[in-house]
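Presented below is the structure to which this report refers.
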Amino acid sequence: MKIKLMLGALIGSVCLAFAAKDPVLMTINGKDIHLSEFEYLYKKNNQQQVDKESLDQYVERFVTYKQKVADAEAEGIDTLKSFLSEFNGYKEGMVKDFLEDTTVNVRLEKEAYERMQMNVDLDHLMLPLGKDNNENKEILARLDSIRTCVLNGEDWGELAKKFSIDPTAARNAGHYGYTASGIYPYSWELVAYTTPVGQISKPFRTDFGNHLIRVNGKRQDPGQVEVEHIMIMTRNLNDSAKAVAKTKIDDLYEAVTRGGADFEETAKKHSEDKGSATKGGKLPWFGTNRMVPEFEKVAFELKDGEISAPFETQYGYHIVKKLGHKGIPSFAEALPAIKRAISFDERSQMARNAKVEEIKKFYNYKSNDEKFRAYLVKELKKHGQYDSAFVSDVLAKSNFTIYTYGKNKVPASVLAKKVNPKAKYDINSAAANIAAQIEPYANKEIMQHYVDNLIEDNIEYRNLIHEYRDGMLLFEISNKKVWDGASKDTTGLKNFFEANRAKYNWNKPHFKGIILSAKNDSVAQAVKAMIPTLGQDTLTTTLHKKFASDIKMERMLFGQGENEVVDAVVFGGTDKTGNEKYPIAFVLEGGVINQPEGVADVKGLVTSDYQDALEQAWLSELKKKYPAKINKDVLKLVKP
């Protein structure tokens, strides 16, 4: 079997190192091979082998491997369009694994599962987002004052009704009750789950507003329930109409509990919750804080199979039948849903952001944002105001270094295209907004620099890329020189067979020809009667057209004892095959031969042996063309 390449799927933590710390182990065809690459493949080989190779054995095999790669490069396989397309596609996919800190995702997944097992009872108060950082600071200060009022004994509910822009505050006075994880934005949930019971969080901001949270208690998550319900709506009804609705729900309750009525059929006919009525009142599985409190309380308190008495919510009157309940799934069961949730919220960027910070440390990133802000204020005052002229005449021409990384100094001029030249800012706000562009610009530029230089700066990535590239080249050159080289070289195969004919003698006779099997004896006799009227060139074609699926013709080359039909018809002297569908058979063409007549009769064996011969000749050639220069001192550093 031709196997292109098998790569290990597990990628560990990134190891950043400079080439100077990775000495050259050997040189083949002028190309340096570093210690890290050899050790990576040597250890991987030993992990995959049952019988471990000695270091000397592996060095010999590794040298051969690299000599074959050198031969592929010498023949230009690495420059072919088809090769580059596949290789670049692999690189594009592989680099993504190095742009995130995978330990962050693992931590977030475990954190999410731990929170799934806990509910938090909390109060919430929200003020709007400000139009800029200064206004947000003022709003957060106002929230801090409200927090102080609560700590001094004022009623949270009254303050929430008075100040909170949360639309539910008028109804619940800011009290959410017990809530489960995965309902609210991650940054909001983070505060809710990390604030101790009985305490009030510090004011914080999300994309939706500025918030305060008070945690009243925690409990184990009760899991999920599945219910059916019948609802009679009461929203916007006057007292008289509401009384009629109450009578109707009571009558339906009597019908499903004492009158023998089927709950699902009753829901289909009478429930005014149109979304569930067509399903017999059945709702999807739900957990804490997914329904209004009154509905949730009844659903969780019922026993499986039990039907509740009529009760009221803000939407109307309900009767609930509990179908079942289940607890928190195992981590393995919950993980796919957790991964999906992480991919759709702010957590999706956390692993990448952590990697950015790691890379910035590696390149010794330093920002001059504070000095730059002071510089901007000075230049803005000199110019007179922030406008498009300032952006084009001052910022776009500025050489002020806004940050450095590695040996690179980045000038302020790069920010000219990142700011809005028509925005209406005062001098201080303009300076703050321009300086705020440094971080996102730097993150993007440094990450791109990292990607561009990844093969030089990251040993793990370099080893993986080299392994894949060399594996592709090894396959292509082996296919050209040996596998396809043997199977397509008909003259070479024939000559090799003739030169080694004695090796391919048989120790038992073989049948070579066509055996025709028929559905019954009548069909077989009809075929035999027709054969003398046909020419050899049209024999099988005509029989196929005439008898179609009533017959089966098979070209065979089998020795005695290798095939049941051949043994019966040729060597057994019978026309009975033992096959239910085609029980009758006879020789249509061919006969018994004692030895191969030509290379075609033993092509598989000859091809395999010819490949081995080509391989050995190629190896001898490789050693002469691409001798390996091995640094014995570096080889001593190899760790088994």
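The values are calculated or read from the model by the stated rules, or taken from the named source; none is laboratory data. Values in this document were obtained by computation on a predicted structure and should not be read as measured data. Glycine gets a Cβ as well: all are built from the backbone with ideal geometry, and neighbour counts include every protein chain shown. Only protein heavy atoms, including side chains, enter the accessible area calculation; ligands, DNA and RNA are left aside. Shrake-Rupley method; radii C 1.70, N 1.55, O 1.52, S 1.80 Å.
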Identify the residues of segment 169-203 with backbone N under 16 Å of a label point that sits 7 angstrom from the Cα of residue 142 along the Cα-to-Cβ direction, or state none. 203
Test of understanding: what is the full-extension gain from residue 197 to residue 396, defined as 0.36 nm times their sequence separation minus their Cα-Cα distance? 66.4 nm
Along the principal axes of its C-alpha atoms, what lengths does segment 536-593 span, in descending order and rounded to whole Å? 32, 28, 16
For segment 424-485, which whole-number percentage of the solvent-accessible area (1.4 Å probe, protein heavy atoms only) is attributable to carbon and sulfur atoms? 49 percent
Please report the carbon-and-sulfur percent of the accessible area for segment 529-598; probe 1.4 Å, protein heavy atoms only, DNA, RNA and ligands left out. 48 percent
Describe numerically, in nm with one decimal, the distance between label points set 7 Å from Cα along Cα→Cβ at residue 330 and at residue 54. 4.7 nm
Segment 236-346, accessible surface, carbon-and-sulfur percent (1.4 angstrom probe): 53 percent
Relative contact order (%) - the chain, alpha-carbon pairs under 8 angstrom, separation at least six: 16 percent
Which trypsin sites (Lys or Arg not before Pro) does segment 395-471 hold that lie in a coil by DSSP with at most 14 other beta carbons within 10 Å? 407, 422, 424
So how far apart, in nm, are the two label points at residue 102 and residue 428 if each is 7 Å from Cα heading toward Cβ? 4.9 nm
XL table 31/636; 409/629; 68/632; Cα-Cα > 29 Å flagged, in table order, is 409/629
Taking 0.36 nm per residue of separation and subtracting the Cα-Cα distance, what length does fully extending residue 639 through residue 521 add? 35.2 nm
Inter-probe distance in nm under a simple model that places probes 7 Å from Cα toward Cβ, at residue 151 and residue 339: 4.4 nm
For the chain, what is the accessible area per residue in Å² when the probe is 1.4 Å? 55 Å²
Give the label of the value calculated from the structure for Cα Rg over 2.2 N^0.38 Å, choosing from (1) 1.48; (2) 1.55; (3) 1.01. (2)
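What translational diffusion coefficient, to the nearest whole µm²/s, does segment 498-640 have by Stokes-Einstein, given a Kirkwood radius computed over alpha-carbon pairs, a temperature of 37 °C and 0.692 mPa s viscosity? Let's see the in-between values first.
Numbers: Rh = 19.2 Å.
Translational diffusion coefficient: 171 µm²/s.
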Nearby lysines by direct alpha-carbon distance to residue 339 (threshold 26 angstrom, same-chain neighbours under 8 apart not counted): 91, 96, 110, 218, 326, 355, 444
What helix-only [θ] at 222 nm does the chain give? Using -39500 (n - 2.57) per DSSP H run of at least 4, over all residues, to the nearest 500, the answer is -14500 deg cm²/dmol
Hull volume in cubic angstrom per residue (convex hull over the Cα atoms of segment 47-178): 301 Å³
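Looking at segment 146-243, which trypsin sites (Lys or Arg not before Pro) are in a loop (DSSP not H, G, I, E or B) and have at most 11 other Cβ atoms within 10 Å?
Passing both the DSSP loop test and the Cβ count: 235.
Mind checking the full-extension length gain between residue 129 and residue 377? Use 0.36 nm per residue of separation minus the Cα-Cα distance, one decimal, nm.
Numbers: separation 248, 0.36 × 248 = 89.28 nm, distance 2.62 nm.
Answer, rounded to one decimal: 86.7 nm.
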Show me the GluC sites (Glu not before Pro) within segment 557-622 that DSSP assigns to loop and that have at most 14 other Cβ atoms within 10 Å of their Cβ. 562, 580, 597
